[in-house]
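Enquirer: Have a look at the structure that comes next, please.
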Amino acid sequence: MVAIRLPDGSQRQFDAPVTVAQVAASIGAGLAKAALAGKVNGKVVDTSYLIEQDADLAIVTDKDAEGLDVIRHSTAHLLAYAVKELFPDAQVTIGPVIENGFYYDFSYKRPFTPEDLQAIEKKMAELAKKDEPVTRKVLPRDEAVAYFKSIGEAYKAEIIESIPADQDVSLYSEGKFTDLCRGPHVPSTGKLKVFKLMKLAGAYWRGDSKNEMLQRVYGTAWAKKEEQEAYLHMLEEAEKRDHRKLGKALDLFHFQDEGPGLVFWHPKGWTVWQQVEQYMRQVYQQNGYQEVKAPQILDRSLWEKTGHWENYRENMFQTESENRSYALKPMNCPGHVQIYNSDMRSYRDLPLRYGEFGQCHRNEPSGALHGIMRVRGFTQDDGHIFCTEEQIQGEVTAFHAQAMKVYADFGFSGISVKLALRPENRIGSDEVWDRAEETLRNALRASGVEWEELPGEGAFYGPKIEYHLKDSLGRPWQVGTMQVDFSMPGRLGAEYVADDNTRRVPVMLHRAIVGSLERFIGILIENHAGALPLWLAPVQVAVLNISDAQSDYAQMVAQNLKKQGFRVHLDLRNEKITYKIREHSVQKLPYIVVIGDKERDANTVAVRARGNVDLGVMPVDQLVERLKNEVETKA
């Protein structure tokens with residue numbers, strides 16, 4: 001007798017071992033048809049999986065996140081099946097599920113073309129309509145190696161040969177195609193109805209540049225057509241909002257080969273930067289931070305003490321001078337400890353809060369660079385708090401309130417909070433990590449927020465709270481962090497005199513709200529599609545005259561606005577007013593002021609808001625009041 005416990009608390013009894021599909025059928029024909037997989041004691045398995053002992057079971061359908069993963073995994077195999085049908089000489093390698101889709105890497109004698117991509121997608125649809133069953137079998141490792149060698153799949157054979165000899169491997173077949181995979185998969189190809197191949201790219205075998213360059217085919221797959229259409233629409237919008245294109249079109253920044261991964265900021269872009277930096281500087285000042293500045297380059301010995309040399313060296317730019325080894329700082333924390341150590345500290349000095357707009361350099365792989373979102377040289381709104389263990393919770397809850405206000409001021413809501421826990425590669429004892437992780441949990445509880453835990457994703461020196469925001473397209477971005485560090489202060493000799501006159505090591509809290517300013521500005525550009533709110537816009541108002549007869553008055557209006565602190569562009573060119581309005585509208589300016597004879601004679605201005613919104617004619621003082629209110633409220 002096998003007892004199956006279902007999610008609703010009910011139980012079903014079976015006289016003999018039973019498959020997931022049979023349990024679904026016993027519940028109802030509708031569920032049996034919708035079943036994509038099963039979740040047995042928390043593990044996702046095929047519907048053909050045989051349950052031989054009492055177990056908890058949930059039937060996985062396309063309404064479940066696990067179901068969507070199964071669809072995408074199976075569609076990757078359908079892609080490989082189609083490629084083998086069209087290009088029999090192609091070899092299949094690896095094809096995992098990724099966010100919003102999947103990819104598969106192939107070895108073939110010539111590059112695939114966009115026309116090939118269309119043909120492959122068409123063949124996938126034909127194969128899916130056949131509704132061929134997807135079956136699983138298990139072979140000893142050596143037998144599996146021999147099988148793939150016999151059909152000319154050298155890459156699959158190489159993958160299996162890396163598995164210990166005493167292990168079995170699972171193979172999945174659909175029609176004439178068999179692939180190595182741990183599964184699970186949909187019960188038949190007919191379940192795969194909504195998919196699209198997206199693009200081609202190159203990828204080295206096993207990610208090693210010394211190996212052969214393979215061809216990577218990216219695709220997306222969904223449970224419902226409308227979900228895929230919404231995703232494709234989002235991609236179209238994201239393409240329009242790409243900060244790299246907007247950065248060029250709006251004259252904000254550029255890149256060039258002489259400085260890979262490093263940003264050349266133009267005047268307009270640097271103006272946006274300064275607005276973000278000055279705003280964050282006010283956050284420092286309002287919350288008791290003292291701004292500091294530490295060196296860009298520090299001796300190797302310091303990075304050895306912190307653990308960076310052992311755990312992070314491959315990401316650090318290194319140099320030498322006078323027989324000494326140095327590294328550009330990848331982060332600011334060691335320098336802040338040196339500032340702390342420059343004087344004897346008392347418990348009365350704590351908490352001591354340092355803030356720095358610290359420029360860091362990390363040797364990111366060239367393939368990972370992405371506009372100003374992923375660079376090699378970047379600046380953080382970086383802060384470090386030196387405190388006692390008893391002060392951690394209060395500092396973390398105060399930081400949480402600061403961060404939430406900042407995100408709201410920049411126009412973001414619905415912030416999600418995650419807690420990244422100890423990674424495998426770390427410094428410090430388990431007991432220290434236990435204390436650090438529980439301290440952060442207590443602070444989050446005190447802040448009244450819900451959070452998700454991320455095992456293994458903390459920094460090597462401590463766990464961290466992560467703040468994730470969503471932009472106007474619903475895309476998530478991880479920005480701020482708060483990290484507890486019980487290790488680095490002691491490794492660098494930081495101490496304070498406690499109230500009992502003993503020497504103790506302070507706790508160090510690493511915090512940033514926007515993180516990399518470059519990346520955050522990229523997020524802002526894409527979130528607003530380049531139409532930044534008034535307080536951030538590099539040019540807030542353009543003043544345009546219709547003819548030379550209004551030039552003097554236009555200059556007076558522009559000068560008045562500048563004296564009020566606004567960023568103004570005065571356009572007195574001898575061009576048609578429609579041309580000038582259109583040109584400044586393309587630059588996404590918040591306001592355009594037009595001056596003709598009537599406005600000049602009445603000491604007024606005609607005002608247009610972004611989006612070609614005609615606000616009519618108003619006195620300059622009224623315009624100033626409107627602008628001030630919009631800047632102050634950050635509307």
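Enquirer: Please give the strands (runs of 3 or more DSSP E) falling wholly within the stretch 420-515 in which 1 or more residues are touching a residue at least 40 places away in the same chain (Cβ under 8 Å).
Expert: Once the strands (runs of 3 or more DSSP E) in the stretch 420-515 are filtered for at least 1 residues that are touching a residue at least 40 places away in the same chain (Cβ under 8 Å), what remains is 464-470, 476-485.
Enquirer: Moving on. Return the residues of the stretch 41-64 that are closer than 26 Å to THR178 by Cα and either of a type outside the set (A, V, I, L, M) or out of contact with any Lys or Arg (no Cβ under 9 Å at 6 or more places or on another chain) (or both); say none if nothing qualifies.
Expert: Across the stretch 41-64, the qualifying residues are LYS43, VAL44, ASP46, THR47, SER48, TYR49, LEU50, ILE51, THR61, ASP62.
Enquirer: Is there a residue in the stretch 281-304 that is over 24 Å from GLY411 (Cβ atoms) and either of a type in the set (Ser, Thr, Tyr) or under 25 Å from the mean Cα position of the chain (by Cα) (or both)?
Expert: Checked the stretch 281-304: at least one residue is over 24 Å from GLY411 (Cβ atoms) and either of a type in the set (Ser, Thr, Tyr) or under 25 Å from the mean Cα position of the chain (by Cα) (or both).
Enquirer: ARG582 passes all but one of (1) at pLDDT 95 or above; (2) under 30 Å from VAL406 (Cα atoms); (3) within 39 Å of the chain's Cα centre (by Cα); (4) not small (Gly, Ala, Ser); which number fails?
Expert: The number of the failed condition is (2).
Enquirer: I would also like to ask the following. Given the residues LEU440, LEU444, LEU473, which is the only one that is out of contact with any His (no Cβ under 7 Å at 6 or more places or on another chain), under 21 Å from VAL406 (Cα atoms), modelled with pLDDT under 90 and among the hydrophobic types (A, V, I, L, M, F, W, C)?
Expert: Of LEU440, LEU444, LEU473, the one residue that is out of contact with any His (no Cβ under 7 Å at 6 or more places or on another chain), under 21 Å from VAL406 (Cα atoms), modelled with pLDDT under 90 and among the hydrophobic types (A, V, I, L, M, F, W, C) is LEU473.
Enquirer: Please count how many residues of the stretch 311-355 are in a helix (DSSP H, G or I) and either under 30 Å from GLU395 (Cα atoms) or in contact (Cβ under 8 Å) with a residue 40 or more places away in the chain (or both).
Expert: Total meeting the criteria: 15.
Enquirer: Quick one: is ASP621 closer than 15 Å to VAL541 by Cβ and either without any contact (Cβ under 8 Å) to a residue 24 or more places away in the chain or loosely packed, with under 12 Cβ neighbours inside 10 Å (or both)?
Expert: Yes, satisfied.
Enquirer: Of the conditions (1) outside any helix (DSSP H, G or I); (2) closer than 18 Å to ILE521 by Cα; (3) hydroxyl-bearing (Ser, Thr, Tyr), SER209 clears all except one; give me its number.
Expert: All conditions are met except number (2).
Enquirer: Please go through the stretch 162-177 and give me each residue that is touching a residue at least 12 places away in the same chain (Cβ under 8 Å) and under 35 Å from the mean Cα position of the chain (by Cα), ordered by number.
Expert: Residues satisfying the conditions are ILE163, VAL169, SER170, LEU171, TYR172.
Enquirer: On to the next question. Please state which one of LYS156, LYS129, LYS137 is under 24 Å from LEU214 (Cβ atoms), of a type in the set (Lys, Arg) and in contact (Cβ under 8 Å) with a residue 24 or more places away in the chain.
Expert: Being under 24 Å from LEU214 (Cβ atoms), of a type in the set (Lys, Arg) and in contact (Cβ under 8 Å) with a residue 24 or more places away in the chain holds for just one of LYS156, LYS129, LYS137, which is LYS156.
Enquirer: Next question. Within the stretch 300-327, restricting attention to residues that are surrounded by 12 or more Cβ atoms within 10 Å (Cβ to Cβ) and charged (D, E, K, R), which residue is farthest from ALA401 (Cα to Cα)?
Expert: Among those residues, the one meeting the criterion is ARG300.
Enquirer: Moving on. Taking the residues in the stretch 1-41 that are over 22 Å from ALA223 (Cβ atoms) and small (Gly, Ala, Ser) as candidates, determine which candidate is farthest from the chain's Cα centre (by Cα).
Expert: Applying the filter and picking the extreme gives ALA16.
Enquirer: Can you name every residue in the stretch 222-272 that is in a helix (DSSP H, G or I), of a type in the set (A, V, I, L, M, F, W, C) and more than 22 Å from the chain's Cα centre (by Cα)?
Expert: Listed by number, the residues that qualify are ALA249, TRP270.
Enquirer: Considering PHE112, PHE102, which residue is buried (at least 17 other Cβ atoms within 10 Å of the Cβ), among the hydrophobic types (A, V, I, L, M, F, W, C), in contact with a Leu (Cβ under 9 Å, 6 or more places away or on another chain) and assigned to a loop (DSSP other than H, G, I, E, B)?
Expert: None of the other options fit; the residue is PHE112.
Enquirer: From the list VAL617, VAL557, VAL568, VAL593, which one is out of contact with any Lys or Arg (no Cβ under 7 Å at 6 or more places or on another chain), closer than 29 Å to GLU526 by Cβ and β-branched (Val, Ile, Thr)?
Expert: Only one candidate qualifies: VAL593.
Enquirer: Can you list residue pairs whose Cβ atoms sit under 6 Å apart, with the first residue in the stretch 272-292 being farther than 20 Å from LEU534 by Cα and the second being surrounded by 17 or more Cβ atoms within 10 Å (Cβ to Cβ) and of a type in the set (Gly, Ala, Ser)? Count only pairs 6 or more apart in sequence or on different chains.
Expert: Close Cβ pairs (under 6 Å, with a partner that is surrounded by 17 or more Cβ atoms within 10 Å (Cβ to Cβ) and of a type in the set (Gly, Ala, Ser)) amount to TYR284/GLY355; TYR289/GLY355; TYR289/GLY383; GLU291/GLY355.
Enquirer: When the residues of the stretch 34-58 are filtered to those that are in contact with a Gly (Cβ under 9 Å, 6 or more places away or on another chain) and among the acidic types (Asp, Glu), which remaining residue is surrounded by the fewest Cβ atoms within 10 Å (Cβ to Cβ)?
Expert: If we take residues in the stretch 34-58 being in contact with a Gly (Cβ under 9 Å, 6 or more places away or on another chain) and among the acidic types (Asp, Glu), then ASP56 is surrounded by the fewest Cβ atoms within 10 Å (Cβ to Cβ).
Enquirer: Please find, within the stretch 462-480, the residue that is surrounded by the fewest Cβ atoms within 10 Å (Cβ to Cβ) out of those that are over 12 Å from the mean Cα position of the chain (by Cα) and among the hydrophobic types (A, V, I, L, M, F, W, C).
Expert: LEU473
A quick yes/no check of all residues on (1) farther than 30 Å from GLU364 by Cβ; (2) touching a Phe, Trp or Tyr at 6+ places or on another chain (Cβ under 7 Å):
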{"residue": "ILE385", "(1), (2)": "no, no"}
{"residue": "ILE392", "(1), (2)": "yes, no"}
{"residue": "ALA403", "(1), (2)": "no, yes"}
{"residue": "LYS418", "(1), (2)": "no, yes"}
{"residue": "ARG426", "(1), (2)": "no, yes"}
{"residue": "PRO455", "(1), (2)": "no, no"}
{"residue": "GLY458", "(1), (2)": "no, no"}
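Enquirer: May I pose another question? GLU599: of a type in the set (Asp, Glu), crowded, with 18+ Cβ neighbours inside 10 Å and within 30 Å of GLU236 (Cβ to Cβ), yes or no?
Expert: no
Enquirer: Select from the stretch 505-564 the residues that are of a type in the set (Val, Ile, Thr) and surrounded by fewer than 21 Cβ atoms within 10 Å (Cβ to Cβ) and list them in ascending order.
Expert: Hits for the stretch 505-564 are VAL505, VAL539, ILE546.
Enquirer: Related question: Pairs, please: C-beta under 6 Å, at least 6 apart or cross-chain, first residue closer than 21 Å to LEU532 by Cβ and of a type in the set (Ser, Thr, Tyr) and in the stretch 577-600, second crowded, with 19+ Cβ neighbours inside 10 Å and modelled with pLDDT of 95 or more?
Expert: Pairs that qualify, where the first residue is closer than 21 Å to LEU532 by Cβ and of a type in the set (Ser, Thr, Tyr) and the partner is crowded, with 19+ Cβ neighbours inside 10 Å and modelled with pLDDT of 95 or more, are TYR591/VAL541.
Enquirer: Only one residue in GLY456, GLY428, GLY448 is more than 30 Å from HIS254 (Cβ to Cβ) and surrounded by 17 or more Cβ atoms within 10 Å (Cβ to Cβ). Which one?
Expert: GLY428
Enquirer: Starting from residues that are in contact with a Ser or Thr (Cβ under 7 Å, 6 or more places away or on another chain) and part of a helix (DSSP H, G or I), keep the ones in the stretch 59-95 and report whichever is surrounded by the fewest Cβ atoms within 10 Å (Cβ to Cβ).
Expert: GLY67
The values are calculated or read from the model by the stated rules, or taken from the named source; none is laboratory data. Because the structure is a prediction, the values reported are computed rather than measured. For neighbour counting, all protein chains shown are included, and Cβ atoms are generated from backbone atoms with ideal geometry for every residue, glycine included.
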